[in-house]
Amino acid sequence: MTTPVTIIGAGLGGLTLARVLHLHGIPATVYERDPSAEARTQGGQLDIHEHTGQAALEAAGLTERFRALIHQGAEATRVLSPQGAVLFEEPDDGSGGRPEVLRGDLRRLLLDSLPPGTVQWGRKLTGVTGLGAGRHEVSFADGSTVTTELLVGADGAWSKVRPLLSDATPGYAGATFVETYLYDVDERHPRTAAAVGAGVMYALSPGKGITAHREAGGVIHTYVELARSEQWLAGIDFTDAAAASARIAAEFEGWAPELLALITDGQRPPVARMIYALPGDHRWRRTPGVTLLGDAAHLMPPSGEGANLAMLDGAELAQALAANPNDVPAALARFETAMFARSSAEAGTAHVIQDLCLGERAPYAFLGFIGGHGLDWVPAWGQAVADYRAEDDEPDFDDVTLRMTVPAGIGGSHVRVELSNRFADAPVRIGHAAIGVGDRFVEATFHGRPSVQIPAGVSRWTDPIALPVAKGDDVLIDLYLPEPTPYATAAGFRFDRSGPGDFTGAPRLPRASVAPDPAGWSLPAGGPFLRTVEVAGTEPQAVIVAFGSSSTAMGWPQYAAGLLPAEARIAVVNRGIPGNRLLRDAPEQAPAWGQSGLRRFDDDVLGTAGATHLVIAYNSNDWGLPGRTTPIDEMPTIDQLIAGYQHLIDRAEAAGIAVILATITPLGPELRTDPHREQLRQQLNHWIRTGGHECVDFDAALRSPADPTRLEADYAAPDGTHPNINGSRRLAQTMIDALARAGTAGAPR
């Protein structure tokens, strides 16, 4: 092919096209509106992906020179809560699968690889006129024109070439990114530098988030993400940098100071980048002599793929032209067919990622996306951990092995485990870990290492293990604790501990001890640090989160899982905490009762992978404890209780989770004589039954026909308030019946 190619736009896509064409001996000229290569900054760091951007650089013969630009260590990723706690952390593993480079450095590499004069600077496109037979006249602001037989629009979101092919125009994607910079961060902003870490940091919540990149030279480049309307954004005057920063920061009230500093301490004026997108299935009829690539062809929300796709477009278009030198229409058809399929799929993913980051399940849906190792995970078992530092139920650990045995409510081909150190004063070191099913144990690793130190306040997942798990299997989790370790973050009531030594994966733990179940009580398995067991390799029909207090924590969820048919793919996850209250945190004297349901909802419900249903099953603690264990002025009104329930319902339904409310069982002999407390129970139960929500009537299932203020004797634990094993099984069957009435897939009918 000897016909010169006219390229509009000297971005990464257009320059990659020009470079690969040059290698194949095909002449090309790039026309760029900027007066020079240094006319404006080129944005921040990009991660260049192995199968897209890196493949394009290989086609351009620039791989070795590209490697010299990589910011070593910058592939590290961490996710923080709004309060600054580390929710997820993954170091740069050195594999180079997604190395980070500055966009400006990459652009300079491509520019330097082109023959002098290839890029014509200061040539702003003003119009294109079709001349017939695939020829076009291109007009520029300086009055010059160029006639071309092959025109490529690589001119970005607001392409002036696109109208030749398509009527599509970008539409606002519902989010705006506000760009800020901090410099000399280790000296001037050490707390913020420590929070961001060595690579990229995400702090996300519904409707807003902060993404910060650590760049070379002590720079932190931040995008403050806001799902807000165009009208809302128009109300901010970005010509007043201080006022604009303050207005943006106000949206993040209550966030950690080191995160707010990314907004308020910016050392450049904040710049609003409104996010626009073309339709995900954007394509056009083959038109002689013209095509598009990059954002001009497939503008989508940020997903880490935009620059990579533009470069791959450029490389593949050049290769198609080189392979069809005498048939340009065939070359363009080949290129466009592949690009349309690829860009449509990537656009769908980009919109999903935007929802993962800013939707109602942020940050938990995003955590599942980046931490899943490419597998779709489903909780097979789970518990809600609480603060046991003030409890004397268990002595501390030192040079011992713990074994926790939990039933899998759903099966899969792979398994992984979440270990939590959320309530602690210091890091905990797991010296060794193993996961077993039946008589087979497999060593667990953490980012490929056999041990891990879990900082205070955070969780760590084991790496995935290819270990088949069937519904109903006992999954064994062994943890060796080589150092003095307090009994701090825990839940559940039954686990084994060994004598001194590492016995992970042993058929039996030497001198293992486990407290026997007190007669008449329903006590589930669980134990220290263990929060969730997940499996992959199955498609669940439902993931049900049981959220409540002691009667939930003490067993009906796992009995419900056991009552489901063998073929049912329904996960039931227990997020109950004994003593827990809906409206108030645990009192100082009993921290193991946990954070209030309102506070822990995000972690324990939205943080449960793939949750489809929520069962709110609280006991009477909110109004049973005041005046007995807590001050009487903590006694709630019925309106406050209903408002608390409604808040959880609204949050769940906004996240697409169906809600089932459970009535409250009788208060027991010590409280039934208090008319006000019993009245609150009856009022709340009436609202639950008649409020228009799905309901499971636990009260009717367990109350005595002779005295509705008491539990039926056959279902009561020794205290007369909690269900015994029979009572928990009765609640489980009642729950299964409610699921069937609600038409839940997989529930027996």
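Taking the condition open to solvent by less than 20 Å² (accessible area, probe 1.4 Å), touching a strand residue (DSSP E or B) at 6+ places or on another chain (Cβ under 7 Å), assigned to a loop (DSSP other than H, G, I, E, B) and more than 24 Å from residue 346 (Cα to Cα), does residue 70 pass? Let's see the steps before the verdict.
Details: open to solvent by less than 20 Å² (accessible area, probe 1.4 Å): no; touching a strand residue (DSSP E or B) at 6+ places or on another chain (Cβ under 7 Å): yes; assigned to a loop (DSSP other than H, G, I, E, B): yes; more than 24 Å from residue 346 (Cα to Cα): yes.
In short, no.
May I ask you to say which residue of 186, 155 is assigned to a helix (DSSP H, G or I) and in contact (Cβ under 8 Å) with a residue 24 or more places away in the chain? If you could, list the steps in order and put the result at the bottom.
Values: 155 fails: assigned to a helix (DSSP H, G or I).
So the residue among 186, 155 that is assigned to a helix (DSSP H, G or I) and in contact (Cβ under 8 Å) with a residue 24 or more places away in the chain is 186.
Determine whether residue 99 is closer than 30 Å to residue 454 by Cα and crowded, with 19+ Cβ neighbours inside 10 Å.
For residue 99, the condition - closer than 30 Å to residue 454 by Cα and crowded, with 19+ Cβ neighbours inside 10 Å - is met.
What number of residues within the range 219-251 are of a type in the set (S, T, N, Q) and either more than 21 Å from residue 205 (Cα to Cα) or over 30 Å from the mean Cα position of the chain (by Cα) (or both)? Can you show your working first?
In the first step, residues of the range 219-251 are kept if they are of a type in the set (S, T, N, Q); the result is 222, 229, 231, 239, 245.
After this cut, where a residue has to be either more than 21 Å from residue 205 (Cα to Cα) or over 30 Å from the mean Cα position of the chain (by Cα) (or both) as well, the list is 231, 239.
Number of matching residues: 2.
Name every residue in the range 259-297 that is open to solvent by less than 30 Å² (accessible area, probe 1.4 Å) and in a helix (DSSP H, G or I), in order of residue number.
Passing the criteria: 259, 261, 262, 263, 296, 297.
It is to be established whether one or more residues within the range 173-193 are open to solvent by less than 60 Å² (accessible area, probe 1.4 Å), in contact with a Ser or Thr (Cβ under 6 Å, 6 or more places away or on another chain) and of a type outside the set (A, V, I, L, M).
yes
Taking residue 547 as meeting all but one of (1) surrounded by fewer than 24 Cβ atoms within 10 Å (Cβ to Cβ); (2) aromatic (Phe, Trp, Tyr); (3) at pLDDT 90 or above, write down the number of the exception.
Residue 547 satisfies every listed condition except (1).
For the range 518-578, please list each of the strands (runs of 3 or more DSSP E) lying entirely inside it that holds at least 1 residues being closer than 17 Å to residue 616 by Cα and either hydroxyl-bearing (Ser, Thr, Tyr) or in contact with a Ser or Thr (Cβ under 9 Å, 6 or more places away or on another chain) (or both).
So the answer is 542-548, 570-576.
Can you go through 118, 77 and tell me which one is within 30 Å of residue 362 (Cβ to Cβ), open to solvent by less than 60 Å² (accessible area, probe 1.4 Å), among the polar types (S, T, N, Q) and touching a residue at least 60 places away in the same chain (Cβ under 8 Å)? Please lay out each step first, then the result.
Values: 118 fails: within 30 Å of residue 362 (Cβ to Cβ).
The conditions single out 77.
Give the number of residues within the range 610-638 that are outside any strand (DSSP E or B) and either under 16 Å from residue 654 (Cα atoms) or of a type in the set (S, T, N, Q) (or both).
Residues flagged as outside any strand (DSSP E or B) and either under 16 Å from residue 654 (Cα atoms) or of a type in the set (S, T, N, Q) (or both) within the range 610-638 amount to 8.
Tally time: how many residues in the range 609-640 are open to solvent by less than 40 Å² (accessible area, probe 1.4 Å) and among the basic types (Lys, Arg)?
0
With the structure loaded, tell me whether residue 8 is aliphatic (A, V, I, L, M), more than 30 Å from residue 201 (Cα to Cα) and surrounded by fewer than 22 Cβ atoms within 10 Å (Cβ to Cβ) or whether it fails that test.
No.
Identify all residues within the range 103-115 that are open to solvent by 50 Å² or more (accessible area, probe 1.4 Å) and either out of contact with any helix residue (DSSP H, G or I) (no Cβ under 9 Å at 6 or more places or on another chain) or at pLDDT below 95 (or both); write none if there are none.
Correct list: 103, 105, 108.
Take the range 390-414 and flag every residue that is farther than 19 Å from residue 537 by Cα and surrounded by fewer than 20 Cβ atoms within 10 Å (Cβ to Cβ).
390, 391, 392, 393, 394, 395, 396, 398, 399, 405
Taking the criterion of being among the aliphatic types (A, V, I, L, M), open to solvent by 30 Å² or more (accessible area, probe 1.4 Å), assigned to a loop (DSSP other than H, G, I, E, B) and under 25 Å from residue 88 (Cα atoms), would at least one residue in the range 470-489 satisfy it?
Within the range 470-489, not a single residue is among the aliphatic types (A, V, I, L, M), open to solvent by 30 Å² or more (accessible area, probe 1.4 Å), assigned to a loop (DSSP other than H, G, I, E, B) and under 25 Å from residue 88 (Cα atoms).
Hey, can you tell me all the residues within the range 219-258 that are among the small types (Gly, Ala, Ser) and surrounded by 14 or more Cβ atoms within 10 Å (Cβ to Cβ)?
227, 241, 244, 245, 249, 256
Give the residues of the range 610-658 that are free of Cβ contacts under 8 Å to residues at least 24 places away in the same chain and at positive phi, sorted by residue number.
Scanning the range 610-658 gives a single hit, 627.
Only one residue in 254, 304 is within 20 Å of residue 48 (Cβ to Cβ), touching a residue at least 12 places away in the same chain (Cβ under 8 Å) and not in a helix (DSSP H, G or I), so which one is that?
304
Considering the range 135-152 alone, what residues qualify as being open to solvent by 60 Å² or more (accessible area, probe 1.4 Å) and touching a residue at least 12 places away in the same chain (Cβ under 8 Å)?
Scanning the range 135-152 gives 135, 141, 142, 147, 149.
Please enumerate the residues belonging to the range 665-711 that are at pLDDT 90 or above, open to solvent by 50 Å² or more (accessible area, probe 1.4 Å) and among the acidic types (Asp, Glu).
Selection gives 694 alone.
When the residues of the range 454-467 are narrowed to those that are modelled with pLDDT under 90 and open to solvent by 40 Å² or more (accessible area, probe 1.4 Å), which ends up nearest to residue 443 (Cα to Cα)?
Restricting to residues being modelled with pLDDT under 90 and open to solvent by 40 Å² or more (accessible area, probe 1.4 Å), the top hit is 455.
Across the range 307-335, which residue is surrounded by the most Cβ atoms within 10 Å (Cβ to Cβ) among those that are in a helix (DSSP H, G or I) and not hydrophobic (A, V, I, L, M, F, W, C)?
Of everything passing the filter in the range 307-335, 313 is surrounded by the most Cβ atoms within 10 Å (Cβ to Cβ).
Between residues in the range 361-378 that are farther than 12 Å from residue 537 by Cβ and residues that are open to solvent by 50 Å² or more (accessible area, probe 1.4 Å) and acidic (Asp, Glu), which pairs lie under 8 Å by C-beta distance while being six or more apart or on different chains?
Close Cβ pairs (under 8 Å, with a partner that is open to solvent by 50 Å² or more (accessible area, probe 1.4 Å) and acidic (Asp, Glu)) amount to 365/355; 370/90; 371/90.
Out of (1) touching a helix residue (DSSP H, G or I) at 6+ places or on another chain (Cβ under 7 Å); (2) in contact (Cβ under 8 Å) with a residue 60 or more places away in the chain, what's the single condition that is false for residue 71?
The number of the failed condition is (1).
Taking the range 226-263 as the search range and keeping residues that are among the polar types (S, T, N, Q) and in contact with a Pro (Cβ under 9 Å, 6 or more places away or on another chain), which one is modelled with the highest pLDDT?
245
The values are calculated or read from the model by the stated rules, or taken from the named source; none is laboratory data. Source: prediction; values computed, not measured. Positions of Cβ are generated from backbone atoms using ideal geometry, with glycine treated the same way; all protein chains shown enter the neighbour counts. The area values use the complete protein model at the heavy-atom level, side chains included, leaving out ligands, DNA and RNA. Shrake-Rupley method; radii C 1.70, N 1.55, O 1.52, S 1.80 Å.
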